[in-house]
Amino acid sequence: MTDSLDGVASLRPLAAGYARVALATIEREFPGDAWHTWRSPEDAPPRPRERTPVFWGSYDWHSSVEMHWVLVRLLRLLPDAIAEGEARATLEARFHGGALAREAAFIADPDNRNRERPYGWGWALALAHELGSWGDRDGRRWRARFEPLVEALEANFLAWLPRATYPVRHGVHANSAFGLGLALPHAEARAAAESGAGRAADRAAAEKPPLRRASGAEIPEVGTEIDVRGFEADDAVRAVERFLEDAAMSGHQTARIIHGKGKGILRDQMKRFLTRNSLVKEFRLGEMGEGGTGVTVVTLS
């Protein structure tokens, strides 16, 4: 995956075709590969776009990740050779915080994560690295939104590697070297950043309440609504915490958390979390027409 002049030049006449294929396939939901652990007779498998709201096209999860990587790669290397506006608009619609938080919960779930080990994990970190190394305004914003997914993928690798007593040398999807090779540029960049003063300064600035970036730093764009239905309680809290930080940084005054009604477990968890969150001025359950008790409406400080 080099950026040599010869390589880019040879890619140019093919770039538009590759982009068209990627744009078409990420919108193609069926046929779709699915796996599901049934917990009860009523526990039907969801549609691909309901299960993973970002990476649902292209037949399976890792193929969808790859096609998104293709678009980012082409935007970075040859934006003038493809339909740049369409590609950016498509990625902006896909790469929003709530959806990526659900992707993080999906790939951290024991029922799902090993299915993508290490091939899918590696491609997802390769996509995050491509965004992080781009130096583009959109790329930086999208990479910030990827952080929950990146952290879940890193945790998967760190939990798996000590137990991987021997390498898998056959095939592609299960091949240890292939998956680790895809993840290696991200790992090297992460290690270099964490050892530098810049990473420490960013972390210190982010920890100062209220959560505001240093002067001149880019504030990510974020919507005013997050849907955490189906999340485990702890995953929901982490997703909402990041969502509220981004919403506050973007200047939003209100936000909606869709947690569903059910047995009230997520609603009660949100109440406990919001009560102690310094970004929250007040909150209430939704009224008629807002989603009722399945929604919490938050006013930010």
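Just so you know, all these numbers are worked out from the coordinates, no wet-lab data involved. Note that the structure is a prediction, hence the values are computed from the model and not measured. Glycine also receives a Cβ, built like all others from the backbone with ideal geometry; neighbour counts cover every protein chain displayed.
In table form, for the structure just shown:
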| read-out | value |
| --- | --- |
| Dipole magnitude of the chain, debye to nearest 20 (Cβ charges: Lys/Arg +1, Asp/Glu -1, about Cα centre) | 520 debye |
| Sequence-distant residues sharing a close amide H with VAL280 (under 5 Å, placed H) | SER301 |
| The chain: antiparallel DSSP beta bridges as a percent of all, rounded to 5 | 75 percent |
| Angle in degrees between helix 176-195 and the longest Cα principal axis of the chain, rounded to the nearest 10 | 60 degrees |
| Answer label for Kirkwood radius over Cα pairs in Å (calculated), chosen among [x] 19.8; [y] 21.8; [z] 20.7 | [z] |
| C-alpha long axis of helix 119-132 to longest principal axis of the chain, angle in ° | 80 degrees |
| MRE, 222 nm, helices only [DSSP H, n ≥ 4, -39500 (n - 2.57), over the chain, to nearest 500] | -17000 deg cm²/dmol |
| Cβ-Cβ FRET estimate between ARG47 and MET288, R0 fixed at 25 Å, reported to 0.05 | 0.30 |
| Inter-label distance for LYS281 and ALA233, nm, one decimal - labels placed 7 Å from Cα along Cα-to-Cβ | 3.0 nm |
| Computed E for THR25/ASN114 - FRET, C-beta separation, R0 22 angstrom, nearest 0.05 | 0.35 |
| Helix 5-25 axis, angle to the chain major axis (alpha carbon atoms, nearest 10°) | 50 degrees |
| Length released on extending from ALA89 to THR299, taking residue separation times 0.36 nm less the Cα-Cα span | 72.7 nm |
| Euclidean distance of C-alpha centroids, the stretch 95-144 and the stretch 169-188, integer Å | 16 Å |
